[in-house]
Amino acid sequence: QKEVEQNSGPLSVPEGAIASLNCTYSDRGSQSFFWYRQYSGKSPELIMSIYSNGDKEDGRFTAQLNKASQYVSLLIRDSQPSDSATYLCAVKSGNNRLAFGKGNQVVVIP
Amino acid sequence: DGGITQSPKYLFRKEGQNVTLSCEQNLNHDAMYWYRQDPGQGLRLIYYSQIVNDFQKGDIAEGYSVSREKKESFPLTVTSAQKNPTAFYLCASSRDSTALYSNQPQHFGDGTRLSIL
(Lines give C-alpha, C1' and ligand atoms only; values in the text may rest on other atoms or scores of the structure.)
Protein backbone atom coordinates (compact mmCIF):
# COMPACT_ATOMS: atom_id res chain seq x y z
CA GLN A 1 0.00 0.00 0.00
CA LYS A 2 1.34 3.40 -0.96
CA GLU A 3 1.93 5.81 1.89
CA VAL A 4 -0.18 8.60 0.42
CA GLU A 5 -2.74 8.11 -2.32
CA GLN A 6 -4.64 10.69 -4.31
CA ASN A 7 -7.44 10.19 -6.83
CA SER A 8 -6.11 9.64 -10.30
CA GLY A 9 -7.00 11.69 -13.37
CA PRO A 10 -7.51 15.42 -13.88
CA LEU A 11 -10.50 17.13 -12.28
CA SER A 12 -12.36 19.59 -14.48
CA VAL A 13 -14.65 22.07 -12.75
CA PRO A 14 -16.58 25.05 -14.10
CA GLU A 15 -15.55 28.47 -12.87
CA GLY A 16 -17.37 29.27 -9.64
CA ALA A 17 -17.96 25.64 -8.70
CA ILE A 18 -16.44 23.66 -5.83
CA ALA A 19 -13.42 21.45 -6.48
CA SER A 20 -13.06 18.51 -4.09
CA LEU A 21 -9.80 16.62 -3.70
CA ASN A 22 -9.23 13.56 -1.54
CA CYS A 23 -6.17 11.92 -0.09
CA THR A 24 -5.73 8.75 1.97
CA TYR A 25 -2.69 7.74 3.98
CA SER A 26 -1.42 4.51 5.46
CA ASP A 27 0.52 5.54 8.59
CA ARG A 28 -2.06 5.71 11.38
CA GLY A 29 0.44 7.57 13.56
CA SER A 30 0.70 10.54 11.20
CA GLN A 31 0.06 13.88 12.88
CA SER A 32 0.62 16.62 10.33
CA PHE A 33 -1.02 17.04 6.96
CA PHE A 34 -0.36 19.56 4.22
CA TRP A 35 -1.71 20.59 0.84
CA TYR A 36 0.63 22.12 -1.72
CA ARG A 37 -0.29 23.76 -5.00
CA GLN A 38 2.08 23.34 -7.94
CA TYR A 39 1.68 25.30 -11.13
CA SER A 40 3.09 23.72 -14.27
CA GLY A 41 6.86 24.09 -14.35
CA LYS A 42 7.01 25.63 -10.88
CA SER A 43 7.82 24.40 -7.39
CA PRO A 44 5.19 23.40 -4.79
CA GLU A 45 3.68 26.15 -2.68
CA LEU A 46 2.11 25.46 0.73
CA ILE A 47 -1.56 26.42 0.81
CA MET A 48 -3.00 24.57 3.81
CA SER A 49 -1.89 22.67 6.88
CA ILE A 50 -4.11 20.72 9.27
CA TYR A 51 -3.31 18.81 12.43
CA SER A 52 -6.63 18.11 14.20
CA ASN A 53 -9.75 16.26 13.15
CA GLY A 54 -12.37 18.47 11.56
CA ASP A 55 -12.37 21.38 9.17
CA LYS A 56 -9.94 24.25 8.74
CA GLU A 57 -10.87 27.14 6.52
CA ASP A 58 -8.57 29.70 4.91
CA GLY A 59 -10.22 31.96 2.38
CA ARG A 60 -11.69 29.85 -0.41
CA PHE A 61 -9.84 26.74 0.80
CA THR A 62 -11.10 24.24 3.37
CA ALA A 63 -9.07 21.28 4.57
CA GLN A 64 -10.84 18.38 6.25
CA LEU A 65 -9.13 15.73 8.34
CA ASN A 66 -10.50 12.40 9.58
CA LYS A 67 -7.77 10.46 11.36
CA ALA A 68 -10.03 7.50 12.15
CA SER A 69 -10.65 6.95 8.45
CA GLN A 70 -7.16 8.12 7.50
CA TYR A 71 -8.15 10.65 4.92
CA VAL A 72 -7.64 14.32 4.35
CA SER A 73 -9.45 16.41 1.77
CA LEU A 74 -9.25 19.85 0.23
CA LEU A 75 -12.21 21.88 -0.98
CA ILE A 76 -11.76 24.88 -3.25
CA ARG A 77 -14.86 27.07 -3.26
CA ASP A 78 -15.72 29.52 -6.05
CA SER A 79 -13.03 27.99 -8.27
CA GLN A 80 -11.12 30.46 -10.42
CA PRO A 81 -8.99 29.87 -13.53
CA SER A 82 -5.96 30.75 -11.37
CA ASP A 83 -6.71 27.64 -9.30
CA SER A 84 -5.79 25.46 -12.28
CA ALA A 85 -2.78 23.55 -10.98
CA THR A 86 -1.70 20.24 -9.51
CA TYR A 87 -2.48 19.80 -5.82
CA LEU A 88 -0.14 17.63 -3.77
CA CYS A 89 -1.17 15.99 -0.51
CA ALA A 90 1.69 15.53 1.98
CA VAL A 91 1.69 13.62 5.25
CA LYS A 92 4.36 13.88 7.92
CA SER A 93 5.20 10.67 9.75
CA GLY A 94 6.92 10.17 13.06
CA ASN A 95 10.41 10.38 11.56
CA ASN A 96 9.69 13.93 10.38
CA ARG A 97 9.77 12.92 6.75
CA LEU A 98 7.07 14.09 4.39
CA ALA A 99 5.41 11.54 2.14
CA PHE A 100 3.79 13.01 -0.97
CA GLY A 101 0.96 11.77 -3.13
CA LYS A 102 1.31 11.93 -6.90
CA GLY A 103 -1.00 14.92 -7.05
CA ASN A 104 -4.36 15.83 -8.53
CA GLN A 105 -4.53 18.11 -11.55
CA VAL A 106 -7.37 20.63 -11.37
CA VAL A 107 -8.57 22.42 -14.49
CA VAL A 108 -11.01 25.28 -13.97
CA ILE A 109 -13.04 25.93 -17.10
CA PRO A 110 -14.08 29.58 -17.63
CA ASP B 1 13.71 38.67 1.77
CA GLY B 2 13.89 35.29 3.46
CA GLY B 3 13.78 32.27 1.25
CA ILE B 4 15.40 29.29 -0.41
CA THR B 5 17.62 29.87 -3.42
CA GLN B 6 18.43 27.08 -5.84
CA SER B 7 20.91 27.45 -8.65
CA PRO B 8 21.23 27.05 -11.50
CA LYS B 9 17.67 26.96 -12.86
CA TYR B 10 18.74 24.74 -15.75
CA LEU B 11 21.69 22.36 -15.88
CA PHE B 12 22.98 20.00 -18.52
CA ARG B 13 25.15 17.03 -17.72
CA LYS B 14 27.51 15.23 -20.03
CA GLU B 15 27.89 11.48 -19.73
CA GLY B 16 30.37 10.53 -17.01
CA GLN B 17 30.26 13.97 -15.45
CA ASN B 18 29.38 14.88 -11.86
CA VAL B 19 27.31 18.01 -11.38
CA THR B 20 26.44 19.92 -8.22
CA LEU B 21 23.15 21.67 -7.51
CA SER B 22 23.22 24.52 -5.04
CA CYS B 23 20.66 25.17 -2.30
CA GLU B 24 20.97 28.08 0.13
CA GLN B 25 18.41 29.26 2.71
CA ASN B 26 18.33 32.31 4.95
CA LEU B 27 15.31 31.24 6.99
CA ASN B 28 17.44 29.92 9.86
CA HIS B 29 15.83 26.51 9.34
CA ASP B 30 17.52 23.48 10.85
CA ALA B 31 16.27 20.84 8.44
CA MET B 32 16.90 20.69 4.70
CA TYR B 33 15.75 18.22 2.07
CA TRP B 34 16.37 17.24 -1.55
CA TYR B 35 13.59 15.81 -3.70
CA ARG B 36 13.41 14.59 -7.25
CA GLN B 37 10.24 15.00 -9.33
CA ASP B 38 9.66 13.17 -12.61
CA PRO B 39 6.81 14.10 -14.98
CA GLY B 40 3.44 13.09 -13.60
CA GLN B 41 5.01 11.80 -10.41
CA GLY B 42 5.05 12.91 -6.82
CA LEU B 43 8.15 14.03 -5.00
CA ARG B 44 10.69 11.41 -3.99
CA LEU B 45 13.14 12.08 -1.18
CA ILE B 46 16.83 11.81 -2.07
CA TYR B 47 18.60 13.01 1.09
CA TYR B 48 17.74 15.05 4.14
CA SER B 49 19.62 16.74 6.93
CA GLN B 50 18.17 17.66 10.30
CA ILE B 51 21.29 19.36 11.63
CA VAL B 52 24.66 20.62 10.46
CA ASN B 53 27.25 17.92 9.71
CA ASP B 54 24.61 15.19 9.65
CA PHE B 55 22.43 13.82 6.87
CA GLN B 56 20.44 10.69 6.06
CA LYS B 57 19.57 8.84 2.90
CA GLY B 58 16.08 9.12 1.59
CA ASP B 59 14.25 6.69 -0.66
CA ILE B 60 16.38 7.13 -3.80
CA ALA B 61 19.88 8.10 -2.61
CA GLU B 62 21.86 5.91 -5.02
CA GLY B 63 23.92 7.98 -7.44
CA TYR B 64 23.66 11.14 -5.33
CA SER B 65 25.76 12.70 -2.57
CA VAL B 66 25.30 15.67 -0.23
CA SER B 67 27.11 17.67 2.41
CA ARG B 68 25.91 19.92 5.22
CA GLU B 69 28.88 21.95 6.40
CA LYS B 70 26.84 25.08 7.07
CA LYS B 71 23.30 25.54 8.34
CA GLU B 72 22.43 27.66 5.32
CA SER B 73 23.72 25.35 2.61
CA PHE B 74 22.86 21.83 1.43
CA PRO B 75 24.41 21.12 -1.99
CA LEU B 76 23.47 18.00 -3.96
CA THR B 77 25.92 16.26 -6.29
CA VAL B 78 24.51 14.09 -9.04
CA THR B 79 27.26 11.61 -9.79
CA SER B 80 27.98 9.69 -12.96
CA ALA B 81 26.57 6.63 -11.17
CA GLN B 82 23.07 8.12 -11.51
CA LYS B 83 22.12 6.74 -14.92
CA ASN B 84 18.82 8.54 -15.29
CA PRO B 85 19.39 12.01 -13.85
CA THR B 86 16.92 13.94 -16.01
CA ALA B 87 14.36 15.38 -13.58
CA PHE B 88 13.22 18.45 -11.69
CA TYR B 89 15.20 18.75 -8.44
CA LEU B 90 13.65 20.53 -5.49
CA CYS B 91 15.30 21.68 -2.30
CA ALA B 92 13.18 22.32 0.78
CA SER B 93 13.74 23.42 4.35
CA SER B 94 11.77 23.39 7.57
CA ARG B 95 12.15 24.78 11.05
CA ASP B 96 12.05 21.47 12.86
CA SER B 97 14.98 19.28 13.62
CA THR B 98 13.23 17.05 16.14
CA ALA B 99 9.79 15.56 16.57
CA LEU B 100 8.96 18.32 19.04
CA TYR B 101 8.14 20.52 16.08
CA SER B 102 6.64 17.89 13.83
CA ASN B 103 3.93 20.22 12.62
CA GLN B 104 6.34 22.49 10.79
CA PRO B 105 5.79 22.51 7.01
CA GLN B 106 8.49 22.35 4.40
CA HIS B 107 9.03 25.26 2.06
CA PHE B 108 10.53 24.84 -1.39
CA GLY B 109 13.00 26.62 -3.59
CA ASP B 110 12.27 27.27 -7.26
CA GLY B 111 13.97 24.08 -8.41
CA THR B 112 16.67 23.05 -10.87
CA ARG B 113 15.92 21.21 -14.11
CA LEU B 114 18.67 18.77 -14.99
CA SER B 115 18.98 17.21 -18.42
CA ILE B 116 21.49 14.96 -20.14
CA LEU B 117 23.41 16.29 -23.11
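The values are calculated or read from the model by the stated rules, or taken from the named source; none is laboratory data. Everything numeric in this text was worked out from a predicted model, so none of it was measured. Every residue, glycine as well, gets a Cβ built from its backbone with ideal geometry; the counts of neighbours run over all protein chains shown.
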Completion exercise
Here the residues within region A:28-66 that are surrounded by fewer than 16 Cβ atoms within 10 Å (Cβ to Cβ), more than 10 Å from chain B (Cβ to nearest Cβ) and in contact (Cβ under 8 Å) with a residue 24 or more places away in the chain are A:R28, A:G29, A:Y39, A:S40
Completion exercise
Given the conditions (1) in contact with an Asp or Glu (Cβ under 7 Å, 6 or more places away or on another chain); (2) within 27 Å of B:D30 (Cα to Cα); (3) of a type in the set (A, V, I, L, M); (4) modelled with pLDDT of 95 or more, every one holds for A:L46 apart from (1)
Practice task
Considering every residue within region B:93-102, establish whether at least one is of a type outside the set (S, T, Y), part of a strand (DSSP E or B) and surrounded by 15 or more Cβ atoms within 10 Å (Cβ to Cβ).
Solution key: no
Problem - Scope region B:80-94; condition at pLDDT below 95 and in contact with a Pro (Cβ under 9 Å, 6 or more places away or on another chain); matching residues - result: B:S94
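Can you report the number of residues in region A:40-92 which are in contact with a helix residue (DSSP H, G or I) (Cβ under 9 Å, 6 or more places away or on another chain) and not in a strand (DSSP E or B)? First the steps, then the outcome.
The initial filter retains those residues of region A:40-92 that are in contact with a helix residue (DSSP H, G or I) (Cβ under 9 Å, 6 or more places away or on another chain), namely A:60, A:76.
Filter once more, so that each one left must be not in a strand (DSSP E or B): A:60.
Total satisfying the criteria: 1.
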Exercise for the section: Any residue in region A:82-107 that's within 11 Å of chain B (Cβ to nearest Cβ): show its pairings with residues that are assigned to a loop (DSSP other than H, G, I, E, B) and among the charged types (D, E, K, R) at Cβ separation under 6 Å, as long as the two are six or more apart or on different chains. Expected result: A:S93/A:D27; A:A99/A:E3
